[in-house]
Every structure is written in C-alpha cells, then in structure tokens.
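None of the figures in this text is laboratory data; all of them are computed from the coordinates on show. Nothing here was measured: the structure is a model prediction, and the numbers come from that model. A quick note on method: Cβ atoms are made from the backbone with ideal geometry, for glycine too, and the neighbour counts reach across all protein chains shown.
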Amino acid sequence: MDCPHTPWLETDAFLERFNRRAIAERIPLSGSIALTNRCNLRCAHCYVGDCRWSAGGSPELSTAEFRRVLDEITGAGCLYLILTGGEPLVRPDFAEIYTHARGLGLIVTVFTNATLVDARVVSLFQEYPPQSVEITLYGGTAATYERITGVAGAYDKCLAGIERLVAGHVRLALKTVLLSLNQAELPAMEDLARRFGAKFRLDPAVFPRFDGDRAPLELRLPADQAVRLEFANPETVRAWTRYVETRVPEPASEHLYTCGAGRTTFHVDADGGLYPCLMTRRPRYDLRTGPFMVGWNEVIPQVRTRGRPPEACRACEHRLLCGYCPPFAELETGSEETPPPYLCALGKARAKALAELSGGGREA
C-alpha cells in the first residue's frame with residue numbers, strides 16, 4: 001500500500017488544485033499555433049483544404065509577429081504549446097520561432113510529418129528539447145503512404161526523419177488517422193512504432209474540410225470496424241478503461257462547450273486569428289490588430305455562451321466515449337447542436353467493447 005505522503009501523490013494533488021484554479025480564473029494554460037497552412041504533402045483526408053498548396057488567402061504572420069504572440073501568450077499564463085501547421089518545418093524561420101518559444105519556458109510539442117527532418121532539425125531539438133515530436137504515419141508501406149499523401153518518395157523521407165530523431169535521442173510519438181485506405185496496415189504501423197521505441201495511437205475521427213468539402217468522409221471506416229481495430233491494441237484498451245474509471249460524467253450543463261475551449265485552451269492560426277480551439281472558426285480575434293489578452297478576455301469568452309447541449313447527449317450514458325465536439329458536429333451536420341450519427345455509433349461501439357472485455361456481456 002502506498003504511503004499517503006509519497007511525493008507523486010502530493011504532486012497529483014498540487015496539479016489538481018492548479019488546474020481547478022486555472023479553470024476558475026480562465027488562465028490560457030494550453031495553446032496551439034499553426035505556423036503555416038502550407039504543407040509538402042497532399043493528404044486525402046486533411047481538413048485544412050486546398051490552401052495547403054496555394055498562395056492565396058491571408059498572409060502568414062512574420063517571424064517578428066509570431067515572436068510577439070509568443071511573448072503575449074506566455075505573459076497570459078500559457079505553459080503548454082503545440083506548434084503545428086500545415087507542416088511547420090516548411091517555414092525557413094521555424095528554428096527561430098521554436099527557440100524563442102523554448103527560451104520563454106514554454107513546454108513545446110511539435111506536430112510534423114517528419115519528411116523535412118534533417119540534421120539541423122535534430123540538432124535544434126537536441127539543444128532545446130521539446131516535450132515531444134508527434135509524427136503522423138499514413139501507412140505501413142510506401143504504396144499506401146504515398147497513395148494517401150499524394151507525394152512519391154514521402155514514405156522513405158518520413159522514415160528517414162524518424163530514424164534521425166531516434167538516433168538523436170529526441171523524444172517522439174507516432175500516430176495515425178484510421179482510414180479505409182490504411183486499415184489493413186495498422187499492424188505494420190504498430191510494428192514501426194515498436195521498432196522505434198515510440199508510443200503509438202490511432203484516431204478514427206475523419207470530418208469534412210473547413211471549406212465544406214465532404215470528400216474525406218468517403219475514407220471513413222464504419223464505427224464498429226474502427227472500434228474493433230482500436231480495441232485490438234492492448235494499450236488503447238487500457239487507456240479507454242482508465243479514462244472511464246477515472247472520469248465521472250459532469251452534471252447536465254446548459255452550455256454547449258463543456259471542454260477547455262476558451263477557458264484554458266486556445267488556438268492561433270497562421271494569419272494571426274485567435275480562436276477558442278483548433279477546430280472552431282468562431283469567434284475570431286485578429287492578433288494583428290490587438291494584443292492576445294484583449295482577444296482572450298473580450299472576444300473568446302463568447303464561445304462559452306453559445307448554444308445548448310443536444311438533448312439526446314445530456315442523458316446519453318455513452319457521452320464519455322463518443323468524442324462529441326461542437327465544431328466537429330457543425331462541419332458534418334451544419335449545426336453545433338446536432339451530434340453526428342457517426343460519433344454516436346463510435347460511443348455505442350466502445351461501450352459494447354468495454355462491457356465485453358469486463359465480462360458484462362452488454363453495453364455499459
């Protein structure tokens with residue numbers, strides 16, 4: 001039996017108090033910044049849209065502007081930051097932006113496809129270690145990877161980038177988006193993760209693009225099939241089991257957004273738009289025209305007063321398992337308050353799988 005005064009218990013208690021205070025005081029502890037919408041891959045399922053490859057749209061923030069944004073979010077209380085894209089490494093000034101973030105004391109995670117990871121990037125991460133470099137795998141073979149990403153040679157470049165990071169002892173994690181095109185290669189991707197000594201996770205959530213294009217939905221797996229593949233991984237089973245055992249469904253809320261969006265989390269787009277989270281496109285505050293704290297205090301809180309939770313979700317016993325998200329719902333159904341049937345099916349399938357594993361034989 002653990003001593004009640006062991007340091008890890010004291011740390012957990014401190015973090016719980018810390019998080020409660022952050023929520024109560026609306027401290028923006030965690031954020032993400034898309035340094036660019038541009039990408040060197042053309043993934044068939046990507047929700048960003050064609051601005052990944054075109055020169056149109058609003059110009060990206062300059063190096064100096066991103067440095068100012070980093071100063072402002074740090075001053076507002078941000079501790080955890082994700083640098084993402086598009087592909088963030090396409091920016092020639094990535095190293096300058098990244099080192100500025102680390103110099104401010106931010107705990108940084110980098111999302112990348114690893115195809116542009118070279119010796120200079122590895123040296124950068126060795127000198128200023130990130131919390132993690134998260135790399136998306138799109139297949140376990142070159143043929144599938146390149147069918148999904150639309151770029152010949154990308155698979156070999158991805159593996160070479162991962163190998164450089166592993167050789168440089170840079171902490172990394174691998175993940176994939178589960179698609180009809182790569183489902184058969186899930187074991188191969190898991191084998192790659194084991195080979196590199198990296199954690200691995202998958203996500204079956206595929207949604208329309210920001211521009212309304214519904215083409216990605218054609219690549220979505222049926223919910224029961226997706227959950228079957230999810231639960232074939234023992235670590236995924238353990239993660240879902242821990243999640244259900246440690247989380248208690250919150251009492252029915254009158255607010256549509258019950259997550260951290262606009263309360264402890266935020267997202268900054270490449271053109272300086274400040275949003276409550278990565279997926280919602282409103283409200284928006286332009287960081288080119290004013291400081292972060294003005295947007296955080298005067299504009300972003302609007303998301304917390306928008307709409308009501310769907311009636312069907314309020315009483316649903318599977319609401320911890322479906323992954324319901326108002327922005328995802330709006331992309332697919334046209335309304336934040338209309339849950340996508342696919343998410344409902346995922347929740348029921350996960351509940352059934354967990355019940356079967358626990359010997360209950362019926363949905364939890």
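Below are the figures for this structure:
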item: Members of segment 73-111 that are in a loop (DSSP other than H, G, I, E, B), acidic (Asp, Glu) and touching a helix residue (DSSP H, G or I) at 6+ places or on another chain (Cβ under 8 Å); result: 93
item: Within segment 137-185, tally of residues that are buried (at least 18 other Cβ atoms within 10 Å of the Cβ), hydroxyl-bearing (Ser, Thr, Tyr) and closer than 18 Å to residue 220 by Cα; result: 5
item: Pair list, Cβ under 7 Å, 6 or more apart: segment 93-120 residue crowded, with 16+ Cβ neighbours inside 10 Å, other residue among the small types (Gly, Ala, Ser) and not in a helix (DSSP H, G or I); result: 109/132
item: Unique residue being touching a residue at least 60 places away in the same chain (Cβ under 8 Å) and under 29 Å from residue 43 (Cβ atoms) when the list is 272, 212; result: 272
item: Unique residue being of a type outside the set (Val, Ile, Thr) and out of contact with any Lys or Arg (no Cβ under 8 Å at 6 or more places or on another chain) when the list is 263, 288, 304; result: 288
item: Lone unmet requirement of (1) farther than 22 Å from residue 26 by Cα; (2) surrounded by 14 or more Cβ atoms within 10 Å (Cβ to Cβ); (3) without any contact (Cβ under 8 Å) to a residue 40 or more places away in the chain; (4) out of contact with any Ser or Thr (no Cβ under 7 Å at 6 or more places or on another chain) for residue 350; result: (3)
item: Condition broken by residue 188, with the remaining ones in (1) part of a helix (DSSP H, G or I); (2) buried (at least 18 other Cβ atoms within 10 Å of the Cβ); (3) not charged (D, E, K, R) satisfied; result: (2)
item: Qualifying residue in segment 72-82 (condition: under 24 Å from residue 290 (Cα atoms) and among the acidic types (Asp, Glu)); result: yes
item: Subset of segment 329-344 that is assigned to a loop (DSSP other than H, G, I, E, B) and among the polar types (S, T, N, Q) - its residue that is farthest from residue 241 (Cα to Cα); result: 335
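Yes/no matrix, rows are residues, columns are (1) out of contact with any Asp or Glu (no Cβ under 6 Å at 6 or more places or on another chain); (2) within 26 Å of residue 211 (Cβ to Cβ); (3) assigned to a helix (DSSP H, G or I); (4) in contact (Cβ under 8 Å) with a residue 24 or more places away in the chain:
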| residue | (1), (2), (3), (4) |
| --- | --- |
| 303 | yes, yes, yes, yes |
| 312 | yes, no, yes, yes |
| 318 | yes, no, no, yes |
| 327 | yes, yes, yes, yes |
| 355 | no, no, yes, no |
